[in-house]
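Peer 1: Handing you this structure, nothing more for now.
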Amino acid sequence: MRAESPIGVFDSGLGGISVLSAIHQLLPQEDLIYIGDSKYNPYGTKSKEEITNRCIAICDQFIKLGVKMIVIACNTATSACVPLLRKKYDVEIIGMEPALKVACDRGPNQHVAVWATDFTLREKKFAALMHRFDQNYDIYKVPCPQLVRIVEEDDLENKERVDKALQEYIERSGPVDSIVLGCTHFVFFKQLLANKLPDSIKLIDGNEGTARHVKDLLQKRTLLNTTGAGSISWINTLPEKVELSKRLFNYMEDSVK
Ligand code: DGL
């Protein structure tokens, strides 16, 4: 394995592009390969076995492409099968989970809504995470499947549809101190959501933390690319989604300028 080898990043579709952008900003010299599994999206309503089979197919493809690390830019896929993938492949595998700790660390008696897929919220991995905090904090689970569909269907510009969906999930969350965006598709709504909420409600996602984790681990393994030009290669199981993928990537890059 060489420092010049690419990093593989994948998601059930286009949500992981928000993570890809965070990695690219922190590590502009790395070559990144993004695989979006839009043909099989959403994962959030599928069985553990179905999700695991898709993740294996994607990781096999990354191994053939010679990646030095795989980032599962998807909370749902991580909860389905990250231990199995780590056992199966020799490369370092980084997963994601809802950043509940960050929300609870804001102070005592926090009221926190976790927005995620139905699968993530039902799985053992999230139950274990929640168990660490739910004695001292009020935690509400809010599945938000419409937000995944809006991104995949290229409908972020549809103000009426977006407003209606966000409003519904805000109402379901109740009175909260923070909302954890526990699905990578939801990060595309962060600014729109912030516009609808008072400043006191914090929106928390795991993207920057994941990018830092990628950097730390590469540094530890002396695999950090410090001389490359940095490139992004796009693969999608629905090739017609590549153009939308690039637009979403630019949208994320612009939002941090
Ligand atoms: N983007 C994914 C996540 O972070 C899941 C979306 C889906 O396929 O349902 O959980």
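Derivation of every value follows stated rules applied to the coordinates shown; laboratory data play no part. Bear in mind that the values here come from a model prediction, so they are computed numbers and not experimental data. Backbone-built Cβ (ideal geometry, glycine too); neighbour counts: all protein chains shown.
Peer 1: Take every Cα pair under 8 Å in the chain that's 6+ residues apart, average their separations, divide by the length, and report that relative contact order as a whole percent.
Peer 2: Working: 456 pairs, mean separation 79.0, N = 257.
RCO, the chain: 31 percent.
Peer 1: Can you list residues whose amide H is under 5 Å from residue 139's amide H, if they're 5+ apart or on another chain and H is modeled 1.01 Å from N?
Peer 2: 112
Peer 1: P(r) for segment 19-173, please, calculated from all Cα pair distances in 5 Å bins and given in %.
Peer 2: Final binned percentages: 1, 8, 15, 17, 19, 17, 13, 7, 2, 0.
Peer 1: If the chain between residue 221 and residue 155 were fully stretched, how many nm would it gain, using 0.36 nm times the residue separation less the Cα-Cα distance? Don't skip to the end; give the middle numbers.
Peer 2: Values: separation 66, 0.36 × 66 = 23.76 nm, distance 4.06 nm.
In short, 19.7 nm is gained.
Peer 1: Can I ask one more? Tell me, what ³J(HN,Hα) does each residue in segment 155-170 have, in order and in whole Hz, if you take phi through Karplus 6.51 cos²θ - 1.76 cosθ + 1.60 with θ = phi - 60° and put x for Gly and Pro?
Peer 2: With the stated coefficients, segment 155-170 comes to 10, 4, 7, 7, 4, 5, 5, 5, 4, 5, 5, 4, 4, 4, 6, 5 Hz.
Peer 1: Further question on the same structure: Which ordering of 18, 200 is given by a fewest-first count of other beta-carbon atoms within 10 Å?
Peer 2: Details: 18 26, 200 8.
Starting with the residue having the fewest Cβ neighbours, the order is 200, 18.
Peer 1: Between 30, 153, 92, which gets the highest mean-square fluctuation from a Gaussian network model of the chain, Cα cutoff 10 Å?
Peer 2: 153
Peer 1: Find the relative contact order for segment 125-257 and round it to a whole percent, using C-alpha pairs within less than 8 Å whose residues are 6+ positions apart.
Peer 2: Details: 54 pairs, mean separation 23.8, N = 133.
18 percent.
Peer 1: Counting other Cβ atoms within 10 Å of each Cβ, which chymotrypsin sites (Phe, Trp or Tyr not before Pro) in segment 79-160 have at most 16 and sit in a DSSP loop?
Peer 2: Numbers: sites: 89, 115, 119, 126, 133, 137, 140; in loops: 89, 133, 137.
Of the chymotrypsin sites (Phe, Trp or Tyr not before Pro), the ones in loops of segment 79-160 whose Cβ has at most 16 other Cβ atoms within 10 Å are 89.
Peer 1: In addition: Mind listing the phi-derived Karplus ³J(HN,Hα) values for segment 216-233, rounded to whole Hz, using 6.51, -1.76 and 1.60 with θ = phi - 60°, and x for any glycine or proline?
Peer 2: 4, 5, 5, 4, 4, 8, 6, 10, 5, 8, 10, 10, x, 8, x, 9, 10, 10
Peer 1: Go ahead and run the numbers for FRET between residue 250 and residue 136, Cβ-Cβ distance against an R0 of 35 Å, rounding to 0.05.
Peer 2: Working: r = 41 Å, r/R0 = 1.18.
Efficiency at R0 = 35 Å is approximately 0.25.
Peer 1: What value, in deg cm²/dmol to 500, does the helix sum -39500 (n - 2.57) over DSSP H runs of n ≥ 4 give at 222 nm once divided by the residues of the chain?
Peer 2: Values: 11 runs with 117 residues, N = 257.
Calculated from helices alone, the mean residue ellipticity at 222 nm is -13500 deg cm²/dmol.
Peer 1: Starting from the amide H of residue 71, placed 1.01 Å from N in the peptide plane, find each other amide H under 5 Å away whose residue is 5 or more places distant or on another chain.
Peer 2: The list, which skips near neighbours in sequence, is 8, 9, 10, 94.
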